[in-house]
Amino acid sequence: MLLALASCAACSAPRGHHPAVTDAPAAVVGPEQDHARADARAPSTAIIRLGAIEVDREAAAIRVPGSVALREGWLEQAICRVGSREHESLVSVEMPPSAVHAAMLLAGLKPGAPGRWRVRDDGSLELVPPTGERVDVEVEWTAADGRPMRSALTEWITTPKGAPPIAFVFSGSVTREAAAVPYAADQSGSVVGLVTFGDEPIASVAVVPDRAEVAEPSLLARSERIPAEGTPVTIMIRRTAPAR
């Protein structure tokens, strides 16, 4: 299903030609942090569109429109679909998670499998981390004074003990052939997961059980770095650069 969708979208672009990007953002300064300063991006000639999602095959990246869902409270998701899990997610998007998956395939990213966990008979925990290609997730928006802003999505997350180390992989959710909704994340609304439900298209590499009696909530929205709820944003998901 996803491969067919990705193939159709690729075929919709004129053969041998892809529109050039004309709206690449200028260098960006975040809220008083050097880490939010963006490198200038050269225009790409490998851009295609999958609905509202921009796919840059040359950069192995996609850009997805969304909006800020919450600024305060406990988190189990980083990004979800509108109408699903906004009460526990930083950002919401209109398109189904399967469309985000298809766009990532078009960008050349390779999925793996979501993580999982279980309580063994002896009471110990078995934690199986997600697999897939490592990706970076960033958020771009316009400040109230008109300045373009960019931040790693992880900079919007903290814990009572401080900012946690978080990394993401393209885990790819789960396809259930006999289900009414075959792509599991299309039913749950998960796009980028922080807690391990087992259906996250993009997952935190740390396995966090989704039951409070097993793992107490620990991830919080970092309010001082997040713009107002409802603020339009663009989410950039791209292949993590190799370590040097």
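A few remarks follow.
- Calculated from backbone phi, Karplus (6.51, -1.76, 1.60) coupling profile of the range 73-87 in Hz, x at Gly/Pro: x, 6, 10, 10, 10, 9, 9, 9, 7, 3, x, 10, 10, 4, 5
- Built amide H within the under 5 Å cut-off of residue 135, gap 5+: 168, 169, 170, 240
- Of the two radii for the range 106-244, the radius of gyration is 1.00 times the Kirkwood radius, both from the alpha carbons; that is the Rg over Rh value.
- Three-way shape label, the range 154-210, alpha-carbon gyration tensor, a/c 1.5: prolate
- Percent of alpha-carbon pairs separated by more than 19 Å within the range 164-244: 53
- ³J(HN,Hα), Karplus 6.51/-1.76/1.60, whole Hz, each residue of the range 143-152, x for Gly, Pro: 5, 4, 8, x, 6, x, 10, 8, 8, 4
- Rounded to the nearest 20 debye, dipole of the range 155-244 from Cβ charges on Lys, Arg, Asp, Glu: 460
- Fraction of the pair-distance distribution of the range 44-193 above 29 Å, Cα-Cα pairs, percent: 20
- Amide H within-cut-off set for residue 231, under 5 Å, with H built and near neighbours excluded: 68
- Karplus-based coupling profile of the range 127-141, in residue order and whole Hz: 10, 10, x, x, 10, x, 5, 5, 10, 9, 10, 10, 10, 10, 7, with θ = phi - 60° in 6.51 cos²θ - 1.76 cosθ + 1.60 and x standing for Gly or Pro.
- Alpha-carbon radius of gyration plus Dmax, which is the widest Cα pair, for the range 136-180 in Å: 16.6, 51
- Cα→Cβ-extended label distance, 7 Å offset, between residue 124 and residue 147, nm: 5.1
Values in this text are rule-based calculations from the coordinates and carry no lab data. Remember, predicted model here, so these are calculated numbers, not experimental data. Every residue, glycine as well, gets a Cβ built from its backbone with ideal geometry; the counts of neighbours run over all protein chains shown.
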